[in-house]
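Visitor: One structure is given below, represented as structure tokens, and several questions about it will come after.
Just so it is clear, none of the values below were taken in a lab; they were calculated from the coordinates. Since the model is a prediction, treat every value here as computed from it, not as a measurement. Methodologically, a virtual Cβ is constructed for each residue, glycine included, from the backbone with ideal geometry; neighbour enumeration extends over all protein chains shown.
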Amino acid sequence: MFKRRSLLTYFSIASIASILPAIITILKPRQASADIVKDDDASDLKKASKTAAKKKPESFTAIGLVSDLDKNGYLESKGVTLIRNPVNPKQLIAVNPKCTHQGCDVKWAAAEKKYACPCHGASFDANGEVLNGPATKPLTSYQAKIVGTQVLVKISVPPTKSTQSRTSGRGGSKY
Ligand code: FES
């Protein structure tokens, strides 16, 4: 009886050992095909990461203090001009001040409640919509909010040297 049980155990182990290479062989081609898929995915991922690298991830960035906004009537920093909505001062309006005609920096003219371009005379309303050409497209606008004493803007473009930290010298007004 004991010998018979030992013999059965021996054959069981031997049969498992004999099919083990077959199991490994079955699994290996699947891994190889998975590698091929991974290569395709890697290519797609590479493309996606290149696109993501070109596009800076959007996040809220502090561009100034609420006190400066209310003192000057606007904030200009990090490639953004921000004002309070003349119609609803609780609402902030942030735009890219690059004129959509040929890229000159537009200036907020508080008295006229519009952005004026010094280069060819285009003007935009407080929301950045075209009032007068030659520009035909609105200014790029951004989400903005106040957190504590800071004014934050959700921007995706890198700041430019020409538009950094100009927060005084123009006749803004309180709303
Ligand atoms: Fe602004 Fe031409 S660049 S009107």
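Visitor: Taking 0.36 nm per residue of separation and subtracting the Cα-Cα distance, what length does fully extending GLN150 through ALA116 add?
Guide: Taking 0.36 nm per residue and subtracting the Cα distance, the gain is 9.6 nm.
Visitor: What nm value, rounded to one decimal, do you get for the distance between SER59 and ALA109 when each label is placed 7 Å out toward the C-beta?
Guide: Each label point lies 7 Å from its Cα, and together they span 3.9 nm.
Visitor: What does the net charge come to around LYS114 if you take all other residues with beta carbon closer than 12 Å to its beta carbon, with K and R at +1 and D and E at -1?
Guide: Local net charge: -1.
Visitor: Here is a further query. If you take every residue apart from ASP125 with its C-beta less than 12 Å away from the C-beta of ASP125, what net charge results, scoring Lys and Arg +1 and Asp and Glu -1?
Guide: Local net charge: 0.
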